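The values are calculated or read from the model by the stated rules, or taken from the named source; none is laboratory data. Source: prediction; values computed, not measured. Methodologically, a virtual Cβ is constructed for each residue, glycine included, from the backbone with ideal geometry; neighbour enumeration extends over all protein chains shown. Protein only, heavy atoms only, side chains kept; ligands, DNA and RNA dropped before computing areas. Shrake-Rupley method; radii C 1.70, N 1.55, O 1.52, S 1.80 Å.
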Amino acid sequence: MKVASGKGRKVCLVVTGVVIAIVMLIVILALTVFKAKHPVTTVESVKLEDFHLGLDIAKLKVDLNVTLGVDVSVKNPNKVGFKFSDSTAILNYRGQEIGEVPVPAGEISSDDTKEFNLSLTVMADRLLSDSQLYTDVTSGTLPLDTFVKISGKVRIIGFIKVHVVSSTSCDFALNISTRAVENQECQYKTKL
């Protein structure tokens, strides 16, 4: 048996050094540039699309049907694309759910924003049952909040899949006369 020559040992050390440097580079990139950041969800506008008020005298009942057009945008600040499954956006008035709308599955490229135009039918019976509704309407603003939870996967460096769950809760006031969103504040949570 022949003992390895000095030249073979040098080649082995160089290859090992290159492999270690590549692994360190991948780890550094994964912990800095490719570190997962939470998608930013923003309620851009809320518009009154349909309003129907009916009175059923026989049943002594008021029928109210309200449909809101909600424009929501989701910004992906990550350096990799985010592919997500079907989800639901929920609208609450003073802590009580008054509407929900499906958010279709899709994909958001890196550093891109995707806009959703959603039609939400308000559960008017729940809204009308709240004793503070009259006070809020006469003040000119409705305090509302939304909750959206989006689950999906992020591919890092083409082959590493990371499961991401991002939830966003936004509190805002809807100005009744201008139909504009005011004082929006959002909290974000992301789980990897």
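Comparison of 149, 153 shows that the only residue that is within 28 Å of residue 48 (Cα to Cα) and among the basic types (Lys, Arg) is 149. Listed by first and then second residue, the pairs linking a residue in the stretch 141-155 that is within 18 Å of residue 78 (Cβ to Cβ) and in contact (Cβ under 8 Å) with a residue 24 or more places away in the chain to a residue that is among the polar types (S, T, N, Q) and buried (at least 21 other Cβ atoms within 10 Å of the Cβ), with Cβ atoms under 6 Å apart and 6 or more places separating them unless they lie on different chains, are 148/41; 148/168; 150/166.
Within the stretch 123-137, not a single residue is in a strand (DSSP E or B) and either over 27 Å from residue 191 (Cα atoms) or at pLDDT below 85 (or both). For the stretch 35-121, the strands (runs of 3 or more DSSP E) that sit wholly inside it and include 2 or more residues that are at pLDDT 75 or above and open to solvent by 60 Å² or more (accessible area, probe 1.4 Å) are 40-56, 96-103. Consider residue 126 carefully, then state whether it is open to solvent by 20 Å² or more (accessible area, probe 1.4 Å) and under 20 Å from residue 82 (Cβ atoms). So residue 126 does not fit the description; no. The set of residues from the stretch 135-170 being closer than 25 Å to residue 47 by Cβ, under 14 Å from the mean Cα position of the chain (by Cα) and open to solvent by 50 Å² or more (accessible area, probe 1.4 Å) comprises 147, 149. Candidates in the stretch 171-192 are the residues that are without any contact (Cβ under 8 Å) to a residue 60 or more places away in the chain and among the small types (Gly, Ala, Ser); of these, the one that is surrounded by the most Cβ atoms within 10 Å (Cβ to Cβ) is 173.
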